[in-house]
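Attaching a single structure in structure tokens format; questions to follow.
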Amino acid sequence: MILYNIPLSGNCHKVRLMLRFLGLDYQIYDLDLGTTEQLSEDFLKLNPFGQAPAINDQGVVVRDSHAILVYLAKKYGGEQWWSEDPILLAEITSWLSTAANELQNGPARLRLHHKMGRPIDVKHATDTTTKLLNIIDRHLANRQWLVADKLSIADIAIYPYLALAHEGQVNLSHYQNISAWLARFESLPDYVSMPGINLQI
Ligand SMILES: N[C@@H](CCC(=O)N[C@@H](CS)C(=O)NCC(=O)O)C(=O)O
């Protein structure tokens, strides 16, 4: 399997984590952003949106971090990461949507701004972040993991941009349940970090 990757991308880190947790063999292909390789004709054939991550699994091409998590869970992971129960499946999917929406438009966007200098609507991203963090912190008050009290792709989808939130000048110290969940996640066997993550453990 080949992972088309951007080293500093939290979205790519979701896939790197999942591949490690599943113990799968893979090669990393780092896209050269300096030459806008993500917009090259060859890469646009794999992902017309010109974004990483994408994978090529023996000819099966999947783009988008959440679609890749679903694919890997269903193909290689099974029920431990996923669920066939309609209610639990809906809950997992709701967190994948939160990762693609509020997490991306809140903490990830603030990181883009403060770390990479991208112009954004800071107030909107900050308000989105505050609302999101309060919701997740309350949700984690009486559970270890986001869904059904077991680790799933929901946790993997949410993890990187919360662990990187400090790079967007977001202070998580008063969100005690989130901090405990980050530490729990980072204690998992086969956990792998990325540049920018300050481990909570
Ligand atoms: N919805 C996509 C978003 C992917 C995305 O935004 N990728 C960024 C890196 S985090 C990217 O490829 N940026 C390069 C560009 O847009 O030129 C996913 O979850 O995979």
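In this structure, does Ser97 turn out to be within 30 Å of Asn171 (Cβ to Cβ), exposed (fewer than 15 other Cβ atoms within 10 Å of the Cβ) and of a type in the set (Gly, Ala, Ser)? First the steps, then the outcome.
Details: within 30 Å of Asn171 (Cβ to Cβ): yes; exposed (fewer than 15 other Cβ atoms within 10 Å of the Cβ): yes; of a type in the set (Gly, Ala, Ser): yes.
It is true that Ser97 is within 30 Å of Asn171 (Cβ to Cβ), exposed (fewer than 15 other Cβ atoms within 10 Å of the Cβ) and of a type in the set (Gly, Ala, Ser).
Also, quick follow-up: If you take the residues in the range 44-56 that are near the ligand (Cβ under 10 Å from one of its atoms) and open to solvent by less than 20 Å² (accessible area, probe 1.4 Å), which one is farthest from Leu3 (Cα to Cα)? Outline the logic, then answer.
Going through the range 44-56, the residues near the ligand (Cβ under 10 Å from one of its atoms) turn out to be 47, 49-54.
Retained after the next criterion (residues that are open to solvent by less than 20 Å² (accessible area, probe 1.4 Å)): 47, 50, 52-54.
Details: Asn47: 12, Gly50: 14, Ala52: 9, Pro53: 7, Ala54: 6 Å.
Top of the filtered list is Gly50.
Conditions (1) among the hydroxyl-bearing types (Ser, Thr, Tyr); (2) open to solvent by 30 Å² or more (accessible area, probe 1.4 Å); (3) farther than 25 Å from Leu188 by Cα; (4) out of contact with any Cys (no Cβ under 6 Å at 6 or more places or on another chain), marked per residue:
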position	(1), (2), (3), (4)
Gln58	no, yes, yes, yes
Leu69	no, no, no, yes
Lys74	no, yes, no, yes
Ile87	no, yes, yes, yes
Leu112	no, yes, yes, yes
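May I pose another question? How many of the residues in the range 15-39 are of a type in the set (D, E, K, R) and closer than 19 Å to Gln51 by Cβ?
At the first step, the residues of the range 15-39 found to be of a type in the set (D, E, K, R) are 16, 20, 25, 30, 32, 37.
Pick out the ones that are also closer than 19 Å to Gln51 by Cβ and you get 16, 30, 32, 37.
Counting residues in the range 15-39 that are of a type in the set (D, E, K, R) and closer than 19 Å to Gln51 by Cβ gives 4.
Any residue at all in the range 113-120 that's of a type outside the set (D, E, K, R), away from the ligand (no atom under 11 Å from the Cβ), part of a helix (DSSP H, G or I) and not assigned by TED's automatic domain parsing to the domain that holds Leu172?
Narrowing the range 113-120 to residues of a type outside the set (D, E, K, R): 113-114, 116-117, 119-120.
So of that shortlist, the ones also away from the ligand (no atom under 11 Å from the Cβ) come out as 113-114, 117, 119-120.
Of the ones still in play, those that are also part of a helix (DSSP H, G or I) are 113-114.
If we keep only those that are not assigned by TED's automatic domain parsing to the domain that holds Leu172 too, we end up with none.
Among the residues of the range 113-120, not one is of a type outside the set (D, E, K, R), away from the ligand (no atom under 11 Å from the Cβ), part of a helix (DSSP H, G or I) and not assigned by TED's automatic domain parsing to the domain that holds Leu172, which makes the answer no.
Let me ask another. Can you name the condition, by its number, that Gln104 falls short on among (1) surrounded by 20 or more Cβ atoms within 10 Å (Cβ to Cβ); (2) farther than 19 Å from Pro195 by Cβ; (3) within 14 Å of the ligand (Cβ to nearest atom); (4) not hydroxyl-bearing (Ser, Thr, Tyr)?
All conditions pass for Gln104, except number (1).
Follow-up question, since we're still on this one. Quick check: is even one residue across the range 57-79 in contact (Cβ under 8 Å) with a residue 12 or more places away in the chain, in contact with a Phe, Trp or Tyr (Cβ under 7 Å, 6 or more places away or on another chain) and more than 12 Å from the ligand (Cβ to nearest atom)?
Yes, the conditions are met somewhere in the range 57-79.
Restricting to the range 141-162, and then to whatever is open to solvent by 10 Å² or more (accessible area, probe 1.4 Å) and not polar (S, T, N, Q), can you tell me which residue is nearest to Gly77 (Cα to Cα)? Steps first, answer last, please.
Step one: filter the range 141-162 for residues open to solvent by 10 Å² or more (accessible area, probe 1.4 Å), giving 141-145, 148-151, 161.
Still in the list and also not polar (S, T, N, Q): 141, 143, 145, 148-151, 161.
Values: Ala141: 28, Arg143: 23, Trp145: 18, Ala148: 17, Asp149: 18, Lys150: 14, Leu151: 12, Tyr161: 23 Å.
Selected residue: Leu151.
The values are calculated or read from the model by the stated rules, or taken from the named source; none is laboratory data. Just so we're clear, the structure is a prediction, and the values are computed from it rather than from any experiment. When we count neighbours, we look across all protein chains shown, and the Cβ atoms used for this are built from the backbone with ideal geometry, even at glycine. What goes into the accessible areas is simple: the full protein's heavy atoms, side chains included, and nothing from ligands, DNA or RNA. Shrake-Rupley method; radii C 1.70, N 1.55, O 1.52, S 1.80 Å.
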